[in-house]
Amino acid sequence: MKILFVHQNMPGQYKHLAPALAANPANEVAFITKEGKPDLPGIRKATYKLTREPSKGIHQYLTRLEDQVLHGQGAVRAALELAESGFVPDVICAHTGWGEALFLRDVFPNSRILAFSEFYYSSKGADIDFSPDHKPDLDRDCRTRMRNTHMLMSLEAADWGISPTRWQWSRHPSFVRDRISVIHEGVDTDLCTADPKAVLELPNGMTLSRDDEVVTYLARNLEPYRGFDIFMQSINGILERRPNARIVLVGGDDVSYGNPPPNGENWRNFMLARTRFDPRRVHFFNRVPYSVFQQVLSISKAHVYLTYPFVLSWSMLETMSHECMLIASKTAPVTEVVEDGVNGRLVSFHNPAEITDAVVWALENQDATVKYRKAARETIVEKYDLRKVCLPAQVDLVSTLAEGRTPPLMDPTWTAATA
């Protein structure tokens, strides 16, 4: 097979699938991405850069769309280079999030396209109206509707789609859902295992281990979409009720989702100015190497994961694979994976006191958390294991499309309410 992957931040969601297909000598694999991304062994890379920024002065609903068109044009230029060199893919695996999939059909009319359908925006029932401060805003709702324009066009040009969770799949319009398979990217359960001898060195030079009472929180960036502001409000209660507890937070200060704080600062400084706790017992890390990420999870006595109803973080599943005592928000798609009282504890996202109570319970009842930890890993091994479950299903889907066959249709009637 000849397979082309397209993602502006190579490898993105194709971190495991692209190398796996490239490892087969019968396959030829190429990747279109933005300039400056690292190479992958055995994978040919074609790069592009945006020729300009979106125009100033155009309608505000169209600014984001023009940016997506510019990404689509960049991907097309790279695709043309591949085509002129004789590379015509049997299957194109393209993420639809940035517009790169818009025009691939026009370069490769006979290739089969598998669209990565990560999230479809809507003003009701997901992230947009989740905040308790949410107020009706027709202008925002119209902008939200326009955010899907490029995804609809990309799906129309695609032969099939793939989505990582049932809930994320269910957000897509009913008329395309039966052509989107639900297969997660997968968790490397051999790699994601707890190290009982792990030692974490803190920024102040001190160290923490499994002998310490450590509460952990991590996200790509510290921001409200991942409940950072809510968790910060729960910290003082945890520290007051557990005199030996330490809090470890990991995450950058950029904004991945949503908006920056109103004063232009980052969310960490914004919340530090609005919460009070003993700073000697709260330790912040910026983005860290994966080895440090594993050390954090290995010493955790209670791990907090909060999220708006939005894209599920890889880190939550990796946390479960590390046998952490997970305290997670009662939001979709978390509830698709975590069953309260079985493989974790579910708490109300907007209730810091409830989060505090759940963390304190976990710290006070470490023997009782063993069954939760074991069940968490069993869930990941059974349903999300990279090599035994997810990767074989992904490879089979690509092969099915390459052979011109139609994958099994999904049941379009499933909704989050029926989970």
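The values are calculated or read from the model by the stated rules, or taken from the named source; none is laboratory data. Everything numeric in this text was worked out from a predicted model, so none of it was measured. Cβ: placed from backbone, ideal geometry, glycine included. Neighbour counts: every protein chain shown.
Brief remarks follow.
- From ARG276, ARG226, ARG242, ARG281, residue being in contact with an Asp or Glu (Cβ under 9 Å, 6 or more places away or on another chain), modelled with pLDDT of 95 or more and in the same structural domain as ILE327 (by TED's automatic domain parsing): ARG242
- Filter result (out of contact with any Asp or Glu (no Cβ under 6 Å at 6 or more places or on another chain), surrounded by fewer than 19 Cβ atoms within 10 Å (Cβ to Cβ) and free of Cβ contacts under 8 Å to residues at least 24 places away in the same chain) within segment 18-54: ALA23, ASN24, PRO25, GLU35, GLY36, ASP39, PRO41, GLY42, THR51, ARG52, GLU53
- Residue match in segment 332-344 (condition: over 24 Å from SER117 (Cβ atoms), part of a helix (DSSP H, G or I), touching a Ser or Thr at 6+ places or on another chain (Cβ under 8 Å) and of a type in the set (D, E, K, R)): no
- Boolean, THR63 is over 26 Å from the mean Cα position of the chain (by Cα) and polar (S, T, N, Q): no
- Set side by side, the residues ASP396, ASP357, ASP367, ASP385 differ, and just one is under 22 Å from the mean Cα position of the chain (by Cα) and of a type in the set (Asp, Glu), which is ASP385.
- Checking each residue of segment 368-386 against the condition of being within 23 Å of ILE238 (Cα to Cα), in contact with a helix residue (DSSP H, G or I) (Cβ under 6 Å, 6 or more places away or on another chain) and at pLDDT 95 or above gives at least one match.
- Scanning segment 222-257 for residues that are farther than 25 Å from GLU364 by Cα, buried (at least 16 other Cβ atoms within 10 Å of the Cβ) and free of Cβ contacts under 8 Å to residues at least 40 places away in the same chain yields GLY251, GLY252, ASP253, VAL255.
- Complete set of residues in segment 177-207 that are of a type in the set (A, V, I, L, M) and over 20 Å from the mean Cα position of the chain (by Cα): ALA194, ALA198, VAL199, LEU200, LEU202, MET206
- Looking across segment 179-233, just one residue is aromatic (Phe, Trp, Tyr) and in contact with a His (Cβ under 9 Å, 6 or more places away or on another chain), and that is TYR217.
Listed here are the residues, each with its yes/no results for (1) closer than 30 Å to THR413 by Cβ; (2) basic (Lys, Arg); (3) at pLDDT below 95.
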residue	(1), (2), (3)
SER174	yes, no, yes
ILE183	yes, no, no
VAL187	yes, no, no
LEU191	no, no, no
MET206	no, no, yes
VAL215	no, no, no
ILE230	no, no, no
GLY252	no, no, no
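- The residues of segment 170-211 that are among the hydrophobic types (A, V, I, L, M, F, W, C) and over 15 Å from LYS383 (Cβ atoms), listed by number, are PHE175, VAL176, ILE180, LEU191, ALA194, ALA198, VAL199, LEU200, LEU202, MET206, LEU208.
- Selected residue (criterion: surrounded by the most Cβ atoms within 10 Å (Cβ to Cβ)) from residues of segment 170-186 that are in a loop (DSSP other than H, G, I, E, B) and basic (Lys, Arg): ARG171
- Check on GLU100, assigned to a loop (DSSP other than H, G, I, E, B), at pLDDT 95 or above, charged (D, E, K, R) and within 30 Å of SER348 (Cα to Cα): no
- A Cβ distance below 7 Å, combined with a sequence gap of six or more or placement on separate chains, defines the contacts here; from segment 143-169, residues that are in the same structural domain as LYS330 (by TED's automatic domain parsing) and in a helix (DSSP H, G or I) reach no residue that is crowded, with 20+ Cβ neighbours inside 10 Å and among the small types (Gly, Ala, Ser).
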